[in-house]
Amino acid sequence: MKQLLVLAAAAATLFSAFSASAQTFPGSKPITFVVPFAAGGPTDRVARDLAEAMRKSMGGGANFVVENVNGAGGTIGANKAAKAAPDGHTLLLHHIGMAAAPSLYRKLQYKPLEDFEYLGMINEVPMTLIGKPQLEANTYRDLENYIRTNGGKLNIAHAGLGSASHLCGLMWQSAINAKEAMTTIPFGGTAPAMNALVGGQVDMMCDQTTNTTGQIEAGRVKAYAVTTTKPLSNKLLKDLPTLQEMGLKGFDLTIWHGLYAPKGTPPAILAQINTALKLALKDPDFIKKQEGLGAVLVTDKRVEPAAHKAFVTAEIAKLRPVIEAAGKFAD
Ligand code: ASP
């Protein structure tokens, strides 16, 4: 009997601590989005726009901070977020690298499927293959002919092993059977890589339209093709050929972003963040900003944590053979 009473008292304390934490969340402490790439790049862009939309959807009282933790294709930031206090105040906003890293890194310091709570998907973004303004090739055909025989003479920038840009470059070179691999130049994110491309210090890049649309529009880079099977509806990019149309059968790469919390974050806080995320994805300003950059926000079904986790699980399995066929590995 005494034992039962002790248990009941412990459960009551736990329950009140649990509901108190949900009631007081987020309080005055900011919610930090860890972005595992450089400021000003495409993942950072999604994070800053989402932070604004979620600030509104949480009633305007929540403060959001974006912390850029660059390096090693997003794995340094993801590892930092995995080990943060599980109190809802540190969240990870990551892209397809979440699913690519387990196949690219032999010694990953975190487990993507075990060390996080899944909060929901955010968007899907196509990629574009682009080149520096001085590159001789003007069309995708010119480019492919040149690369097939002279690949080794050009370099391609990316955001580190396991990043979306790295993955895209690997898949593309493998799909065209480039005889010699292009030299790869890693950056802390594709914002600094884009500066180097516009400045002519690197030759090529494949990156999300959220980063490339403005530069293509301004004529600061050459655009060759898109990585999705459907042409883009965005009026600036709708004339770009798809890689599939250019003969690379089945070439289809879409980048997605999702939101994660460290494992052990209380369920009531997760539910609160998930509700705020769903509302934010319906914010007309957020929708407009993202659509203008070629991104599509996902529907409610994909913002369900279980659906998000099932999707990432499937992406890990889908990417493994692609990376093994095309890839290089890191320790
Ligand atoms: N676009 C980058 C990538 O290639 C990441 C970034 O800077 O957002 O993964």
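The values are calculated or read from the model by the stated rules, or taken from the named source; none is laboratory data. All values reported here derive from a predicted model rather than from experimental measurement. Positions of Cβ are generated from backbone atoms using ideal geometry, with glycine treated the same way; all protein chains shown enter the neighbour counts. Heads up: the accessible areas ignore ligands, DNA and RNA and are worked out on the full protein's heavy atoms, side chains in. Shrake-Rupley method; radii C 1.70, N 1.55, O 1.52, S 1.80 Å.
Which one of N145, N79, N123, N138 is outside any loop (DSSP other than H, G, I, E, B) and surrounded by fewer than 19 Cβ atoms within 10 Å (Cβ to Cβ)? Result of the check over N145, N79, N123, N138: N145. State which residue is nearest to the ligand (Cβ to nearest atom) when the search covers only the range 151-167 and only residues that are farther than 19 Å from A78 by Cβ and modelled with pLDDT of 90 or more. Within the range 151-167, the match that is nearest to the ligand (Cβ to nearest atom) is A157. Taking the range 82-102, which residues are open to solvent by 10 Å² or more (accessible area, probe 1.4 Å) and either on the phi > 0 side of the Ramachandran plot or not in a strand (DSSP E or B) (or both)? Within the range 82-102, A82, K83, A84, A85, P86, D87, H89, P102 meet the criteria. Look at A181 and say whether it is away from the ligand (no atom under 16 Å from the Cβ), open to solvent by 50 Å² or more (accessible area, probe 1.4 Å), at pLDDT below 95 and small (G, A, S). Taking the combined requirement at face value, the residue satisfies it. Just one of the listed residues (G258, G214) is within 16 Å of the ligand (Cβ to nearest atom), buried (at least 19 other Cβ atoms within 10 Å of the Cβ) and of a type in the set (G, A, S), and it is G258. For the range 285-306, does any single residue satisfy the condition of being more than 20 Å from the chain's Cα centre (by Cα) and touching a residue at least 12 places away in the same chain (Cβ under 8 Å)? Within the range 285-306, one or more residues are more than 20 Å from the chain's Cα centre (by Cα) and touching a residue at least 12 places away in the same chain (Cβ under 8 Å).
Condition (residue is within 16 Å of the ligand (Cβ to nearest atom) and surrounded by fewer than 19 Cβ atoms within 10 Å (Cβ to Cβ)) applied to the range 227-242: is it met by at least one residue? So far as the range 227-242 goes, no, none of its residues is within 16 Å of the ligand (Cβ to nearest atom) and surrounded by fewer than 19 Cβ atoms within 10 Å (Cβ to Cβ).
The residue that is least open to solvent (accessible area, probe 1.4 Å), among those in the range 54-76 that are part of a helix (DSSP H, G or I) and of a type in the set (S, T, N, Q), is T75. Cβ separations smaller than 7 Å between residues 6+ apart or across chains give the following pairs from the range 41-53 residues that are more than 13 Å from T190 (Cβ to Cβ) and in a helix (DSSP H, G or I) to residues that are more than 13 Å from the ligand (Cβ to nearest atom) and small (G, A, S): L50/A280; A53/A280.
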